[in-house]
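Peer 1: Sharing a structure, written as structure tokens. Questions coming.
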């Protein structure tokens, strides 16, 4: 692990030292940020899911606070996680940062200025230069989106403070967890009095749906129920129904195949939970647990058979809602909070918990007033966006989804229809609510500078033939033998 401090300008080094002394750094809490890839909010025992086993994450939720309405704001293309991670690191909304972080002041930079040792491992799906500018130390970093969990190209910092050439290693979840453990132990041994900011970005449960060997069949095929909003295919065409994620199985979506996907998906999550338990154990063994803020979140959700979809390229709850757990100094235990949260609220929240100066340049809002019980919420409604093809807004009970290219609207009563199955948009008695939410959507658009019109100049058809989608389906280069045999029938 290589420090990059020698690369900092002299004035910045002096500023760091002065700030550290003024802020009494030894009393500052550490930050451990654990980030999952494509984990839907309900793929967690603490969320009330009786089928998945996540004891370590459930324990963190018990010892801290869990937000039940945390969302990613959306994405500007199919790789939603690029925009999500840019929002997370910048504290900015989708329409300011999109998926670019180069030359942007990031969350780890803010912690470095506050005297923290910053360390990163795992997935980085934005510019390489942005990572190198953000973290002082790094090991086993993956630059990219898709990856074979069993053979993942990873990079370390060289003496020049730059990420070197990749070396393939396996299994990604275990490599990243062990790297974090090594860093935690190294920090305890260093005893330099500086707190740390440790960012661990896993590549699971994103496909390939290839669990670590000992976790294959952890959830036997057929043992998990179908999602309550399972459909054999999406009821109408919107955007790109053959975007990469959707090609992992054919149309119609066969129930037994969706159950296979869920078995592998849950296995990936449970294995991840096991490794997180090991990281937490390292904090306890080194005496750093009580003074560490632990955050667990994910970059976006995933359909996994819901609404006839597999991926995250929609604005249904299963694809935009994410788990969010915060535990540590200043965070009450055992709270379940239904306040609306965006993933880009995490930056200002951690900054306030750690006592960093408030930045007026952040779009995200600190959730500390909600955590402390001083406020019930930081916003009364929430806006999400995907490309120029879908917009959604929700309040405490209702959600409006608009498809401009199809001139089509959905209205769901989430309090009574959380699975989004009963479209109320054309019900006469809902006309006033529908108009109210349209007005709210336009206000959000104006605030964010979203210029997409809610009715496109040219309207596309909604009807489509799912059978025509199958010829376009083929495996990609990242699928290991397990997936090729199981989902593509390749021997």
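Rule-based calculations on the coordinates, nothing more; no lab input. From a predicted model like this one, the values you see are computed outputs, not experimental measurements. Note that we place each Cβ from the backbone using ideal geometry, even for glycine, and neighbour counts take in every protein chain shown.
Peer 1: Calculate, in whole percent, how much of the Cα-Cα pair population of region 218-261 lies beyond 12 Å.
Peer 2: For region 218-261, the fraction of Cα-Cα distances above 12 Å is 65 percent.
Peer 1: Something else: Tilt of helix 172-190 relative to the longest C-alpha principal axis of the chain, in degrees (0 to 90, nearest 10)?
Peer 2: Here the helix axis deviates by roughly 20 degrees.
Peer 1: Roughly how tilted is helix 431-448, in degrees to the nearest 10 and between 0 and 90, from the longest Cα axis of the chain?
Peer 2: 40
Peer 1: Ok, one more. Given only helices, namely DSSP H runs of n ≥ 4 each adding -39500 (n - 2.57), what is the per-residue ellipticity at 222 nm of the chain, to the nearest 500 deg cm²/dmol?
Peer 2: Working: 13 runs with 143 residues, N = 491.
Computed mean residue ellipticity for the chain: -9000 deg cm²/dmol.
Peer 1: List the equivalent ellipsoid semi-axes of the chain in whole Å, largest first, each obtained as the square root of 5λ for an eigenvalue λ of the Cα gyration tensor. Working shown, then result.
Peer 2: Working: eigenvalues 258, 145, 88 Å².
Taking √(5λ) for each eigenvalue gives 36, 27, 21 Å, largest first.
Peer 1: Would you please put 58-70, 343-355 in order of how densely packed they are, using the mean number of other Cβ atoms within 10 angstrom per residue and starting with the highest? Please report the intermediate quantities before stating the final value.
Peer 2: Values: 58-70: 20.7, 343-355: 23.2.
By packing density, highest mean first, the sequence is 343-355, 58-70.
Peer 1: Please compute, over every Cα-Cα pair in region 324-375, the percentage with a separation greater than 13 angstrom. Provide the component values of the computation, followed by the final result.
Peer 2: On the way: 735 of 1326 pairs.
Beyond 13 Å sits 55 percent of the P(r) for region 324-375.
Peer 1: While we're here: Just the number, please: percent antiparallel of the DSSP beta bridges in the chain, rounded to the nearest 5.
Peer 2: So the antiparallel bridges in the chain amount to around 50 percent.
Peer 1: For helix 255-285, report the angle its Cα long axis makes with the longest principal axis of the Cα atoms of the chain; keep it between 0 and 90° and round to the nearest 10°.
Peer 2: Taking Cα atoms only, the helix is inclined about 20 degrees.
Peer 1: Pull out a ≥ b ≥ c, the square roots of the eigenvalues of the alpha-carbon gyration tensor of region 146-220, then state rounded if a/c is under 1.5, prolate if not and a/b is larger than b/c, and oblate in the remaining case. Before the final figure, lay out each step's value.
Peer 2: On the way: a/c = 2.94, a/b = 1.62, b/c = 1.81.
Note, shape of region 146-220 comes out oblate.
Peer 1: If we restrict to alpha carbons, what Rg and Dmax does region 53-97 come to, in Å?
Peer 2: Gyration radius and largest Cα-Cα distance of region 53-97: 14.0, 38 Å.
Peer 1: In region 388-460, how does Rg compare with the Kirkwood Rh, expressed as the Rg/Rh ratio over alpha carbon atoms?
Peer 2: Dividing the radius of gyration by the Kirkwood radius yields 0.96.
Peer 1: What number does region 186-329 give for Rg over Rh if you use C-alpha atoms and the Kirkwood radius?
Peer 2: For region 186-329, the value is 1.08.
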